[in-house]
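The values are calculated or read from the model by the stated rules, or taken from the named source; none is laboratory data. Everything numeric in this text was worked out from a predicted model, so none of it was measured. Here the Cβ positions follow ideal geometry from the backbone for every residue, glycine too, while neighbour counts run over all protein chains shown.
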Amino acid sequence: MHEQEFLTPEGLKKLEDELEYLKNTRRAEVAKRLHDAMEEGEVEENPEYEDAKNEQAFVEGRIMTIETILANAVLIESKGPSNEIRLGSRVKITEMDTSEKDHYVIVGSDEADPTGGKISNESPLGKALLGHKLHDEIMVQTPDGPIKYKISHISNK
């Protein structure tokens, strides 16, 4: 049995679009590359054929991965009261020692993109934030030691 995959509506749409592209466009492009490489003759020592085969395996693997994620997807509904952090919440936190502020959206692991402001509910910071309320202080263990944060904004819109 597969684990639930938590996705925002945007993340769900992005995966559905990628799956459609892979199935309807990319798959045909790779098949044409394979066909063209096979028509060149000897396939055993043909780098184009090997590359096309590898790409085909990657595309088919990605299709299977996305289908599994979508089959186990649980849509994150972020509507509701803004008093507690949960999946889909947009939060603003302030590092207590440096006063540095960061904005994040708490998402499932398949959507996580820390540089894009999306952190996984399974990450140390994501886990620490879940269930907390406005103005709570949390402690997060990092490789460089513990860091203390204060929650300065929560939005569940």
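Quick notes
- Within region 115-129, considering residues that are surrounded by fewer than 15 Cβ atoms within 10 Å (Cβ to Cβ) and not hydroxyl-bearing (Ser, Thr, Tyr), the one farthest from residue 86 (Cα to Cα): 116
Conditions (1) among the basic types (Lys, Arg); (2) outside any helix (DSSP H, G or I); (3) within 26 Å of residue 118 (Cα to Cα); (4) touching a residue at least 24 places away in the same chain (Cβ under 8 Å), marked per residue:
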| site | (1), (2), (3), (4) |
| --- | --- |
| 13 | yes, no, yes, no |
| 20 | no, no, yes, no |
| 42 | no, yes, no, no |
| 52 | no, no, no, no |
| 69 | no, no, yes, yes |
| 85 | no, yes, yes, yes |
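- Checking each residue in region 113-157 for being assigned to a loop (DSSP other than H, G, I, E, B) and not charged (D, E, K, R) picks out 117, 121, 123, 130, 131, 132, 134, 135, 143, 156.
- Hits in region 24-40 - residues which are free of Cβ contacts under 8 Å to residues at least 12 places away in the same chain and either in contact with a Lys or Arg (Cβ under 9 Å, 6 or more places away or on another chain) or not in a helix (DSSP H, G or I) (or both): 40
- The single condition among (1) modelled with pLDDT under 95; (2) closer than 29 Å to residue 9 by Cα that residue 67 does not meet is (1).
- You will find that of 63, 106, the residue that is under 21 Å from the mean Cα position of the chain (by Cα), buried (at least 18 other Cβ atoms within 10 Å of the Cβ) and either without any contact (Cβ under 8 Å) to a residue 60 or more places away in the chain or part of a helix (DSSP H, G or I) (or both) is 106 and no other.
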